[in-house]
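In what follows, a structure is listed as structure tokens, so that the remarks can point back to it.
The values are calculated or read from the model by the stated rules, or taken from the named source; none is laboratory data. The structure presented is a predicted model; accordingly, all values stated were derived computationally and were not measured. Cβ placement follows ideal geometry from the backbone for every residue including glycine, while neighbour counts extend to all protein chains displayed. Side chains are part of the model used for accessible areas, which takes the heavy atoms of the whole protein and leaves out ligands, DNA and RNA. Shrake-Rupley method; radii C 1.70, N 1.55, O 1.52, S 1.80 Å.
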Amino acid sequence: MRGGLWQLGQLVTRRLANGGKKAVVRRCFASEAELKKTVFHDFHIAHGGKMVPFAGWSMPIQYKDSIMDSTINCRQNGSLFDVSHMCGLSLKGKDAIPFLEKLVIADVAGLAPGTGTLTVFTNEKGGAIDDSVITKVTDDHIYLVVNAGCRDKDLAHIEEHMKAFKAKGGDVSWHIHDERSLLALQGPLAAPVLQHLTKDDLSKLYFGEFRVLDINGSQCFLTRTGYTGEDGFEISVPSEHGVDLAKAILEKSEGKIRLTGLGARDSLRLEAGLCLYGNDMEQHTTPVEAGLTWAIGKRRRAEGGFLGADVILKQLEEGPSIRRVGFISSGPPPRSHSEIHDDGGKNIGEITSGGFSPCLQKNIAMGYIKSGLHKAGTKVKIIIRGKANEGVVTKMPFVPTKYYKPS
């Protein structure tokens, strides 16, 4: 999917408008039979979902409305996303926290029970294996969600290290929540609509916090988080109750919250300045280079103890050679791999994600640029189809975030 879901959505829209659905499937996409399907697959199709392959799954890129309209509606009202292709798992045991801290940069021990954070799984060179939202449910239970495209390598990585850890007497086990599905409810109406379906007071659940509670008659894992920059929730629901929950949410919103596909999800996260693993962060990219220094716990900076700590701590001390930054540009929207030049025509970086912002009505992008040239206001040239276009380094997020935090 490297290159942008937004562009893929536009391709699908154009081809379907021209009656070329079969051509799209034949020329661009894998066989439908090879793809995994979420419990919501038929539900998507019944609601006009345009299905495409993503990370081995058949997923909706958009529904009947455009990606542009879906993006704006999420910020004005709300969106419901099927993110069941992502992998939820639990680590349990009295040594679950020290085990996980060998693999990630977060201060997991320092989290209060029922709270979580974004973190990064690192390799021996300090590169990012994946990013993940992890939650300390209790001192001996960690819940985390990893990206669909990284599932196999992430699970193999965790299992390999778990075997070695347990061989030395460590007490840790895991459970992969394949019996559950995952919905993301995002936007200003997310909380008032979801409140209709639970007796728990959601006004007391803040950004990054986690609860196990009854929603629409089934026991759910609820995390106040998301991938859009809006207030919202990720809801892990027993798969047999997933479709009923989705229907209930849509019904309670009286049509204002819409089913939304991967295309708008991509434009929303880009507007929020959030990384897409595989585009904006890869195995050769460190958290420091990716602008995720804040995710490295203070204790971890002092003690290290995670894979690649020597590389990452050195970068913290000396500074990285490249940095992830945002851009505003003229001309055609920047795309992944577009070169970034200085006024003299020298290559100084590369775009990793870019597109036209539905909310700002201008081109936005993020990418990596040489340190020293990363300050907001720095003028650059972005090369698209051989032509240099004006660009300027810009602070992110492009659209202000609206996370629900204590006042």
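Shown is the FRET efficiency for Ser330 and Ser407, computed with R0 = 45 Å from the Cβ-Cβ distance and rounded to the nearest 0.05: 0.70. Here the calculated FRET efficiency for Thr198 and Asp42, from their Cβ-Cβ distance with R0 = 25 Å, stands at 0.45, rounded to the nearest 0.05.
The alpha-carbon positions of segment 230-359 define a convex hull whose volume is 175 Å³ per residue.
Bridgeable lysines around Lys92 (alpha carbons under 23 Å apart, same-chain partners fewer than 8 residues away excluded): Lys102, Lys136, Lys153, Lys163, Lys166, Lys168. When each of the peptides 177-189, 74-86, 148-160 is scored by how many other beta carbons lie within 10 Å of its residues on average, the order from highest to lowest is 74-86, 177-189, 148-160. Among DSSP beta bridges lying fully in segment 174-297, give the percent that are antiparallel, nearest 5. So the antiparallel bridges amount to about 95 percent of the total.
For Ser181, the residues whose modelled amide H falls within less than 5 Å of its own, excluding neighbours fewer than 5 places apart on the same chain, are Val237, Ser239.
Altogether, the Stokes-Einstein calculation at 37 °C and 0.692 mPa s, with the Kirkwood radius of segment 321-396 over Cα pairs as Rh, returns a diffusion coefficient of 279 µm²/s.
Take every DSSP beta bridge whose two residues both sit in the chain; close to 95 percent of them are antiparallel. In a fully extended conformation the segment linking Lys125 and Tyr206 would gain 25.7 nm over its present Cα-Cα distance, using 0.36 nm per residue. For the chain, a simple Cβ point-charge model (Lys and Arg +1, Asp and Glu -1, everything else neutral) yields a dipole of about 1180 debye relative to the Cα centre. Between Ala167 and Ala33, the C-beta separation translates, for a Förster distance of 60 Å, into a calculated FRET efficiency of about 0.90.
Stokes-Einstein, applied to the Kirkwood radius of the chain over Cα pairs at a viscosity of 1.567 mPa s and 4 °C, places its translational diffusion at 59 µm² s⁻¹. Peptides 191-199, 319-327 ranked from most to least packed, by the mean per-residue count of other Cβ atoms within 10 Å: 319-327, 191-199. A crude spin-label estimate for the pair Thr115 and His337, with each label 7 Å from Cα along the Cβ direction, gives 4.3 nm. Farthest toward the positive end of the dipole of the chain, out of Gly319, Thr119, Ala248, is the Cα of Gly319, where the dipole comes from beta carbon charges about the Cα centre. Its residue count N fixes a reference of 2.2 N^0.38 Å for segment 77-236, and the Cα radius of gyration divided by that reference is 1.05.
Taking 16 Å as the straight-line reach from the Cα of Lys199, the aspartates and glutamates in range (excluding those fewer than 8 positions away in the same chain) are Asp214.
Annotation: extensible slack from Arg299 through Arg385 equals 26.3 nm (criterion: 0.36 nm per residue apart, minus Cα-Cα distance).
Bridging of Lys50 to lysines at a Cα separation below 25 Å is possible for Lys21, Lys22, Lys36, Lys37, Lys64, Lys247, Lys252, Lys256, once same-chain residues fewer than 8 apart are set aside. Ellipticity at 222 nm from helices only: DSSP H runs of n ≥ 4 in the chain, each -39500 (n - 2.57), divided by the residue count, give -7500 deg cm²/dmol. When the chain is described by a simple charge dipole with +1 on each Lys and Arg Cβ and -1 on each Asp and Glu Cβ, the residue from Ala290, Val133, Ala190 located farthest towards its positive end is Ala290. When Met162, Met51 are compared by accessible surface with a 1.4 Å probe, the order from highest to lowest is Met51, Met162. With the alpha-carbon atoms of segment 178-229 aligned to their principal axes, the span from lowest to highest coordinate is 28, 25, 17 Å, starting with the largest.
For segment 353-375, the residues whose backbone nitrogen is under 17 Å from a point 7 Å from the Cα of Lys346, taken along Cα to Cβ, are 369-375.
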